[in-house]
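A.B. asks: The structure is given below, and queries will be raised subsequently.
Nothing in this text is a laboratory measurement; each read-out follows from the coordinates by a stated rule. In this text, all values refer to a predicted model and were calculated from it rather than measured experimentally. Here the Cβ positions follow ideal geometry from the backbone for every residue, glycine too, while neighbour counts run over all protein chains shown.
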Amino acid sequence: MSEPNDLPVSSDHSEPLSRAIGERYLTYALSTIMHRALPDARDGLKPVHRRILFAMRELKLSPTGGFRKSAKISGDVMGNYHPHGDAAIYDAMARLAQDFNMRYPLVDGQGNFGNIDGDNPAAARYTEARLTAASEALLAGLAENAVDFRPNYDGTLEEPVVLPAAFPNLLANGSSGIAVGMATNIPPHNLDELIAACLQLIQAPETSDEALVALVPGPDFPTGGVLVEPRDNILEAYRTGRGSFRLRARWSVEDLGRGTWQIVVTEIPFQVQKSKLIERLAELIQTKKVPALADVRDESAEDIRIVLEPRARTVDPEMLMGMLFRSSDLENRFSLNMNVLIDGRVPKVCSLKEVLGAFLDHRRTVLQRRSQHRIDRIDARLEVLEGYIIAYLNLDRVIAIIRYEEEPKAVLIAEFELSDVQAEAILNMRLRNLRKLEEMELRRERDALMVERAGLDDLLGSIAAQWKAIAAELDEVRKTFGKSAPGGARRTSFAEAGEVAEVPLEAMIEREPITVILSKMGWVRAMKGHQANGAEVKFKDGDEAHFTLLAETTDRILLAASNGRFFTLTGANLPGGRGMGEPLRLMLDLPNEAEIVEIMLFRAGEKFLVASSEGDGFVVSSEELLAQTRAGKQIQNLSGTARLRVCRKVAGDTVAVVGENRKLLVFPLAELPEMTRGKGVRLQKYKDGGLNDATTFQLSDGLTWKDPAGRTRTESDLTEWLAKRASAGRMAPRGFPRDNRFS
């Protein structure tokens, strides 16, 4: 029986939950930052992209060779280097092949790799791929010890830590990613401009940010477009590594003859899906948020062609596009956040100068390692050549040793002071090489290699020579991918945005007469033309006309509600008169207990008298009554059971008020204040009841109303009813309407 001390020791241990979670989350965060989301400043790639390119190189998928199935490529990447889902690997590879996402595609795809409409690529078993010349430039030097290698995930193979990268791919193709607590978003740039900036930094390392931005004026998106960000903002973004760029679609006006025209959009902003953009433009037409736009058509084939038709030929194209820029993705902002891994280890938000500096430092390291690798190869070859030459000088003796000695290798080493490598090379030499001519060739090869080695020694011993060599390499890349190469010219141009002024409705829509009809049940419609009074108009059962207003499609219509709020509708946005119209409450946020008291046309500079059932009121300008949202605008503050009773356009110098008690009061308009919002002041005093109606008129013309018989009457002598504001007033004159209303 075992003693207590012999019991197995438990491997469990306890620790606070917060510490355990903190440590594990920190490990996850570091893994995400280092190995997934942030690109390396040296080659501009994330691990998955680097492994895809390396695996394709191992499959010998050169730009001039054949294609291989994408399923084979993603399978090799997953099995050898990237133990994650093959769908994620294929998506990453497909993006490297999309010319609308990559300024310089790194994968040459054959088949359906998606499109700018947002459609997904075909399945991996249907598509094929190979490397491009750009990716070959990134990989050049891998076989020459240019970079470090590390074991893959299971230790059976090796993969590069970083690619040699012959050009600044981080800025050329851009990158985006979301890590834990940080993110990156870098736009693509023009390679010719980037190399010009690199050459400037090589020549003058202290070059200012302003001078670099003069060489790299801004991003160069694969989809083109027009950059309208002010230069000062661009400079600040590149100086700090954070900012944003305002990008617009490229458009032109196409003349159709006879004064008609249409707008054609040929380039859309970067990473905007064309199908969703078309849907948004169609929605703007349907909701009439941009009344000047009549139709949108997608006539795209290989290139982009979006046709926008104006509602009227009088519309100004600049104004129309200004409104569309403000309301759709024809204009968007691309955020800049140059958060990258410096030396593959430290995440840092870098400026343009720092990113280019990191690339150049990497190129210098690559140059040094490749040069040292070449020196080592030359030294190994020179050692063999020296052995060959010794053999030729003592050819008969060497042949005799090989022929008669039992251990020829040991005898050769002892007699001619050869190294093991030299002796092995002599023993492996073919008989056909024992010619006099071969000795001369070996001496020439030795001399050439010694000259080359001396040059490499000089290169490694001189920093200036190294930078000169790097500049020469960049010039070669510039010839291959620069502005003179196919597709190398800048695609994104620059322009000033210009402020989009408030566009008058008359400039956007066809001006036509309409008759606005609001029924008692709250249904509104706009009949074409000005309907005569008494014209037959159909309503729903139990409904009838409540307000009728002669207007035009360009008019803005003001609606006063009994809760003191004012609403605004546009004539062009009202439903047509073919049916019964639409419920007003679907267009406005009008409470169920509120009713429309008055509708009127907006005219700038006019003033209105507003009054509540409690007898309070004031004068307000028409501009203050305009509401910008469907929720309306509160103008008169009401309490308790008070309701807005009157809203009349001011016309004259005198106010007449009549209460529910039929008492009439007349006082000067000057006694009423002009306000923008509020309860107002007392118009008339009541013992019981409240205000029934109010109006304004010219005192010299007298007060006019219609008697019960429908005849127009005018009271010229109003001395009996003239009094101070807030007085009780006196009984209305004989013949005053029984409903106590002036009209």
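A.B. asks: Based on the alpha-carbon gyration tensor of the stretch 360-425 and its eigenvalue square roots a ≥ b ≥ c, which shape applies: rounded if a/c is under 1.5, prolate if not and a/b is larger than b/c, or oblate? If you can, show how the numbers build up before the last one.
C.D. replies: On the way: a/c = 5.49, a/b = 3.65, b/c = 1.51.
Prolate.
A.B. asks: Let me ask something else. For the stretch 242-290 and the stretch 111-149, what is the centre-to-centre distance using only Cα atoms, to the nearest Å?
C.D. replies: Centre-to-centre (Cα) distance: 32 Å.
A.B. asks: Grab every C-alpha pair in the stretch 145-237, bin the distances at 10 angstrom width from 0 up to the longest one, and report whole percents.
C.D. replies: 13, 32, 33, 16, 6, 0
A.B. asks: Can you give the FRET efficiency for GLU512 and LEU718, using 1/(1 + (r/R0)^6), R0 = 60 Å, r = Cβ-Cβ distance, to the nearest 0.05? Intermediate results must be reported in sequence, preceding the final value.
C.D. replies: Values: r = 43 Å, r/R0 = 0.71.
Efficiency at R0 = 60 Å is approximately 0.90.
A.B. asks: Oh, and also: Taking only Cα atoms, what is the 0 to 90° angle, nearest 10, from helix 191-203's long axis to the longest principal axis of the chain?
C.D. replies: Long axis of 191-203 versus the principal axis of the chain: about 60 degrees.
A.B. asks: Still on this model: To the nearest 0.05, what FRET efficiency results for THR548 and SER621 with a Förster distance of 22 Å applied to their C-beta separation? Mind dumping the intermediate values first?
C.D. replies: Values: r = 25 Å, r/R0 = 1.15.
The pair THR548/SER621 has a calculated efficiency of 0.30.
A.B. asks: Ok, one more. Taking every DSSP beta bridge with both residues inside the chain, roughly what % is antiparallel (nearest 5)?
C.D. replies: Details: 97 of 104 bridges.
About 95 percent, rounded to the nearest 5.
A.B. asks: Figure the gain on full extension for GLU158 and THR629 (residue separation times 0.36 nm, minus the Cα-Cα span) and round it to one decimal in nm.
C.D. replies: On the way: separation 471, 0.36 × 471 = 169.56 nm, distance 6.31 nm.
Between GLU158 and THR629, full extension yields an extra 163.3 nm.
A.B. asks: Something else about it: About the Cα centre, and with charges only on the beta carbon of Lys, Arg (+1) and Asp, Glu (-1), how big is the dipole of the stretch 362-481? Nearest 20 debye, please.
C.D. replies: So the dipole magnitude of the stretch 362-481 works out to roughly 760 debye.
A.B. asks: While we're looking at this one, here's another question. Based on alpha-carbon positions alone, could you give the equivalent ellipsoid semi-axes of the stretch 569-609 from the gyration tensor, as √(5λ), descending, whole Å? Could the numbers behind the result be given before it?
C.D. replies: Details: eigenvalues 95, 56, 15 Å².
Rounded to whole Å, the semi-axes are 22, 17, 9.
A.B. asks: On alpha-carbon atoms, Rg over Rh for the stretch 362-481 using Kirkwood Rh? Walk me through the numbers on the way to the answer.
C.D. replies: Working: Rg = 19.5 Å, Rh = 16.8 Å.
Ratio of gyration radius to Kirkwood radius: 1.16.
A.B. asks: Something else now. Compute the helix-to-body angle for 231-240: its Cα long axis versus the longest principal axis of the chain, expressed 0 to 90° and rounded to tens.
C.D. replies: 50 degrees
A.B. asks: How far is helix 463-481 tilted, in degrees, relative to the longest principal axis of the Cα atoms in the chain, given as a value from 0 to 90 rounded to the nearest 10?
C.D. replies: For 463-481 against the chain, the angle is about 60 degrees.
A.B. asks: Taking 7 Å along the Cα-to-C-beta vector as the label spot, tell me the THR64-SER462 distance in nanometres, rounded to one decimal.
C.D. replies: Going from the THR64 label point to the SER462 one covers 3.3 nm.
A.B. asks: Here's another thing I want to ask about it. Answer rounded, prolate or oblate for the stretch 250-329, using the Cα gyration tensor with square roots of eigenvalues a ≥ b ≥ c: rounded when a/c is under 1.5, else prolate when a/b is larger than b/c, else oblate.
C.D. replies: On the way: a/c = 1.74, a/b = 1.21, b/c = 1.45.
Here the stretch 250-329 falls in the oblate category.
A.B. asks: Note the full-extension length gain between ALA485 and GLU15 as 0.36 nm times their separation in residues minus their Cα-Cα distance, in nm to one decimal.
C.D. replies: On the way: separation 470, 0.36 × 470 = 169.20 nm, distance 6.24 nm.
Here the answer is 163.0 nm.
A.B. asks: Figure the gain on full extension for LYS72 and ARG734 (residue separation times 0.36 nm, minus the Cα-Cα span) and round it to one decimal in nm. The partial results should precede the final answer.
C.D. replies: Working: separation 662, 0.36 × 662 = 238.32 nm, distance 10.14 nm.
This chain segment gains 228.2 nm when fully extended.
A.B. asks: So, one more: Need one word for the stretch 44-84: rounded, prolate or oblate. Basis is the Cα gyration tensor (sqrt eigenvalues a ≥ b ≥ c); a/c below 1.5 gives rounded, then a/b vs b/c decides.
C.D. replies: Values: a/c = 2.40, a/b = 1.36, b/c = 1.76.
Oblate, since a/c reaches 1.5 and b/c is not below a/b.
A.B. asks: While we're on this one: Based on the Cβ-Cβ distance of ALA471 and ALA294, what FRET efficiency does E = 1/(1 + (r/R0)^6) give at R0 = 60 Å, to the nearest 0.05? Before the final figure, lay out the partial values.
C.D. replies: Details: r = 56 Å, r/R0 = 0.94.
Once the sixth-power term is evaluated, E becomes 0.60.
A.B. asks: Also: For the chain, what value does the Rg/Rh ratio take when both radii are computed over Cα atoms and Rh is the Kirkwood radius, given to two decimals?
C.D. replies: Working: Rg = 42.4 Å, Rh = 34.2 Å.
So for the chain, dividing Rg by the Kirkwood Rh gives 1.24.
A.B. asks: How large is the convex hull of the C-alpha atoms of the stretch 511-602 per residue, in Å³?
C.D. replies: Values: hull volume 8.2 nm³, N = 92.
Expressed per residue, the convex hull around the Cα atoms of the stretch 511-602 is 89 Å³.
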